[in-house]
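> Below is the structure I would like to discuss, written out as structure tokens.
The values are calculated or read from the model by the stated rules, or taken from the named source; none is laboratory data. Only a predicted model underlies this, so the values are computations on that prediction, with no experimental measurement involved. No Cβ is skipped: glycine too gets one built from the backbone with ideal geometry, and neighbour counts run over all protein chains shown. SASA here: full protein model, heavy atoms, side chains in, ligands and nucleic acids out. Shrake-Rupley method; radii C 1.70, N 1.55, O 1.52, S 1.80 Å.
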Amino acid sequence: NAGVTQTPKFRILKIGQSMTLQCTQDMNHNYMYWYRQDPGMGLKLIYYSVGAGITDKGEVPNGYNVSRSTTEDFPLRLELAAPSQTSVYFCASSWDTQETQYFGPGTRLLVL
Amino acid sequence: RKEVEQDPGPFNVPEGATVAFNCTYSNSASQSFFWYRQDCRKEPKLLMSVYSSGNEDGRFTAQLNRASQYISLLIRDSKLSDSATYLCVVTPSNTGKLIFGQGTTLQVKP
């Protein structure tokens, strides 16, 4: 099992550009999450999904959108990149709400 | 008040030392508690879950005090490889949402 994979590993965007961060898991997990981590800080939840076709906002959803058309994939979309979105983005998945969350390796995003 | 607060770091300790990290959480309805470990520029990985009765995994001991809304992690006989950031994590309710503390950095010196 590859676990949780994320692409790209690193990206530089100009202000106003858009991009999609990809996340795929091969563990057949129902739950998937997107977090961002700013330097020296803990992770903050952006969006999460409890199953295909169902998504919900987390703590910091503004400026982002998600979709969950399959169990495996949970892409995160930035429509109009802003410098405040410079961060490391982690995708995670879990079998159930009380179970361990498994994280992908992260995507480092720099918005200039 | 932050939902999850941890001891400010960094902790610099010699090899073989015992070190303790503390964490408090604000939501008394919180249901699940974890310690995650994060190496520099890497993703967080589960270190251990924390149970009301306390639990131990080798050199690591986790304790939960629901009345005081307090979680702790004790590391005995520190190794160089223990150097990392330790994240206190709480699930406020049965939603699967994890609330992370800001992390405490441990540096174990030879």
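> Among what's in region A:52-61 and is in a strand (DSSP E or B), over 10 Å from A:Phe74 (Cα atoms) and of a type outside the set (A, V, I, L, M, F, W, C), pick the residue that is least open to solvent (accessible area, probe 1.4 Å).
Across region A:52-61, the extreme among qualifying residues is A:Asp56.
> Of all residues being open to solvent by less than 10 Å² (accessible area, probe 1.4 Å) and either away from every other protein chain (no Cβ under 14 Å) or at pLDDT 95 or above (or both) in region A:34-48, which is farthest from A:Glu99 (Cα to Cα)? Just the residue, please.
Filtering region A:34-48 for residues that are open to solvent by less than 10 Å² (accessible area, probe 1.4 Å) and either away from every other protein chain (no Cβ under 14 Å) or at pLDDT 95 or above (or both), the one farthest from A:Glu99 (Cα to Cα) comes out as A:Ile46.
> Quick one: how many residues across region A:9-35 are over 14 Å from the mean Cα position of the chain (by Cα) and assigned to a loop (DSSP other than H, G, I, E, B)?
Final tally of qualifying residues: 10.
> Then there is this: Name the strands (runs of 3 or more DSSP E) wholly within region A:62-102 that hold at least 1 residues that are modelled with pLDDT under 95?
Output list reads A:87-94.
> Follow-up. Condition first: within 21 Å of A:Gln37 (Cα to Cα), surrounded by 17 or more Cβ atoms within 10 Å (Cβ to Cβ) and within 10 Å of the chain's Cα centre (by Cα). Can you find one or more residues in region B:63-86 that meet it?
yes
> Give the residues of region B:87-110 that are free of Cβ contacts under 8 Å to residues at least 24 places away in the same chain and open to solvent by 10 Å² or more (accessible area, probe 1.4 Å), sorted by residue number.
Selection gives B:Thr95, B:Lys97.
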